[in-house]
Amino acid sequence: MAAAVPSSFDIAFWFMDRSIADNEYLQPQKLHRLMFLAQAYFAVAFHGRMLMPALFIADEFGPLEPNVFRACSIQRPAVEAIPLDQAVTQFLDSIWRRFGAHSAEALSRQVNGHAPYRDALAKGAGTVISLQAMIDFYGKKAQAAPEAATAVGAPPIQQVLRPRLMRSQDGKPVSVQRWMPKTKTSE
């Protein structure tokens, strides 16, 4: 299954541009935590589909996408940003609204306490954090015990995705969310 966007730079640039629009400085560590959370929650929301063709590794400071990290270490690279699909933009807006107000340190503390990162780091710095581990933690476990997941900073997908506003047949605004069937668990 193809990723929703052709490059992780498109997602990084969207977050950079959004922070500028909100008159906020986006620290590199915060950028990587937001990208990590976006990849994880997108895979949960879209049944395993990747948001971007990227792998995240467990660095001593937290999860990061090594290509974006290297390319953006000095300044924003001269890479053409491709306009994103409206569904992707709406999804990223939900991630920004949920997690964008947190500081880089707070997001790092939060994400570094999550099992996908902790388990990968236990195998050594530079270990790839599997997409399946992200789906399991941010999807299945957060769905099964939302109170416990929220306590460790991993809200269930319903608390992350912003509902779309549409109009009913008589013109009144109504909020709608994408229908997501429950997954069958083996017992």
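The values are calculated or read from the model by the stated rules, or taken from the named source; none is laboratory data. Nothing here was measured: the structure is a model prediction, and the numbers come from that model. Methodologically, a virtual Cβ is constructed for each residue, glycine included, from the backbone with ideal geometry; neighbour enumeration extends over all protein chains shown.
Against the condition touching a Phe, Trp or Tyr at 6+ places or on another chain (Cβ under 8 Å) and free of Cβ contacts under 8 Å to residues at least 12 places away in the same chain, how does LEU92 come out, does it pass? It is false that LEU92 is touching a Phe, Trp or Tyr at 6+ places or on another chain (Cβ under 8 Å) and free of Cβ contacts under 8 Å to residues at least 12 places away in the same chain. Answer yes or no as to whether ALA40 is among the small types (Gly, Ala, Ser), in contact (Cβ under 8 Å) with a residue 12 or more places away in the chain and either part of a loop (DSSP other than H, G, I, E, B) or more than 22 Å from SER130 (Cβ to Cβ) (or both). Taking the combined requirement at face value, the residue does not satisfy it. Just one of the numbered conditions (1) buried (at least 18 other Cβ atoms within 10 Å of the Cβ); (2) part of a loop (DSSP other than H, G, I, E, B) is not true of ALA58: (2). Please determine, by comparing only the residues of segment 23-32 that are in contact (Cβ under 8 Å) with a residue 12 or more places away in the chain and closer than 23 Å to GLU80 by Cβ, which one is farthest from the chain's Cα centre (by Cα). Only one residue tops the list, namely PRO28. For segment 156-175, the criterion of being in a loop (DSSP other than H, G, I, E, B), more than 28 Å from ASP59 (Cα to Cα) and either in contact with a strand residue (DSSP E or B) (Cβ under 7 Å, 6 or more places away or on another chain) or modelled with pLDDT of 80 or more (or both) is met by at least one residue. If you check GLN86 against the conditions, is it farther than 12 Å from ALA12 by Cα and over 14 Å from the mean Cα position of the chain (by Cα)? Yes; evaluated as a whole, the condition is true for this residue. The set of residues in segment 1-32 being surrounded by fewer than 18 Cβ atoms within 10 Å (Cβ to Cβ) and β-branched (Val, Ile, Thr) consists of ILE20 alone. Per the listing ALA87, ALA142, ALA151, the residue uniquely modelled with pLDDT under 75, closer than 16 Å to ALA38 by Cβ and out of contact with any strand residue (DSSP E or B) (no Cβ under 9 Å at 6 or more places or on another chain) is ALA142. Suppose the filter is touching a Phe, Trp or Tyr at 6+ places or on another chain (Cβ under 6 Å) and within 14 Å of LEU107 (Cβ to Cβ); does LEU64 pass it? So LEU64 fails the test. Residue-level check: of (1) hydrophobic (A, V, I, L, M, F, W, C); (2) at pLDDT below 95; (3) surrounded by 17 or more Cβ atoms within 10 Å (Cβ to Cβ); (4) part of a loop (DSSP other than H, G, I, E, B), VAL68 misses just (4). Here ARG97 meets the list (1) assigned to a loop (DSSP other than H, G, I, E, B); (2) at pLDDT below 95 almost entirely, failing just condition (1). Restricting attention to segment 119-131, the residues that are within 17 Å of the chain's Cα centre (by Cα) and in contact (Cβ under 8 Å) with a residue 60 or more places away in the chain add up to 3. Against the criterion of being over 15 Å from ALA12 (Cβ atoms) and modelled with pLDDT under 95, PHE46 qualifies.
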